[in-house]
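Structure first, then comments.
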Amino acid sequence: MIGAALFGAASGLYDKMVMAPESNGGLGIDKMAVQSWYNIYQCIIMGVIMMLLWYPKRKSTTPFKWKTTIIFISIFLSLADFAYFYALSLPDAMISVVSMIRRGSVIVSFLFGAMIFHEKNLKAKAIDLLLVLIGMICLWIGSN
């Protein structure tokens with residue numbers, strides 16, 4: 001979790017620098033261009049992983065089944081990335097707050113896993129989630 005927070009913050013700093021105007025020391029790349037390149041890279045990376053890991057063993061492990069949820073996941077991930085890049089493109093955006101809110105997506109994962117998949121070890125996961133929420137609250141209080 002600590003590593004994810006550090007890498008997330010570094011990624012946020014890099015993204016902010018890429019989208020910052022040249023007059024502020026950034027590269028001045030438009031947020032939609034950054035998102036487009038991110039989507040292209042993500043597609044390439046996932047395609048390579050799929051071809052190397054899944055495709056050779058697809059019949060014996062997990063055969064592909066088309067579901068309409070695939071489209072919705074793509075749409076909502078793109079919308080979430082758009083909101084993230086938009087937030088970072090604002091001049092007064094604080095990386096720590098944007099990064100922590102992005103990490104706050106674990107709330108949805110936790111609730112979905114608990115209600116739909118009936119995951120085990122919810123008590124230990126709830127403690128981790130509580131720590132993330134406390135961090136978000138501290139950042140919110142500190143930014144006011």
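The values are calculated or read from the model by the stated rules, or taken from the named source; none is laboratory data. Everything quoted here is computed from the prediction, not taken from an experiment. Neighbour counts are summed over all protein chains in view; Cβ atoms, including those assigned to glycine, are modelled from backbone coordinates with ideal geometry. Just the protein is used for accessible areas: all its heavy atoms, side chains included, with ligands, DNA and RNA removed. Shrake-Rupley method; radii C 1.70, N 1.55, O 1.52, S 1.80 Å.
Label-point separation (nm) for HIS118 and LEU6, each offset 7 Å from Cα along Cα-to-Cβ?
That separation, rounded to one decimal, is 3.9 nm.
With the dipole of the chain worked out from charges on the C-beta (+1 for Lys and Arg, -1 for Asp and Glu) around the Cα centre, which of THR68, ALA10, PRO91 lies farthest toward the positive end?
Going by the Cα projections, it comes out as THR68.
Counting only heavy atoms of the protein chains, get the accessible area per residue of the chain (1.4 Å probe) and round it to a whole Å² value.
76
Could you give P(r) for segment 1-137, binned at 5 Å from zero, as whole percent values over all Cα-Cα pairs?
So the P(r) values, bin by bin, are 2, 8, 13, 16, 17, 17, 14, 8, 4, 1, 0, 0.
Note the full-extension length gain between ILE49 and SER105 as 0.36 nm times their separation in residues minus their Cα-Cα distance, in nm to one decimal.
So the extension gain works out to 17.7 nm.
Within the chain, which whole H helices from DSSP have a Cα span along their axis of at least 18 Å and a mean Kyte-Doolittle hydropathy of 1.6 or more, if any?
Span-like helices, by this rule, are 69-89, 122-143.
Which value, in debye to the nearest 20, gives the size of the charge dipole of the chain about its Cα centre, when Lys and Arg are +1 and Asp and Glu are -1 at the Cβ?
The dipole of the chain has a size of about 840 debye.
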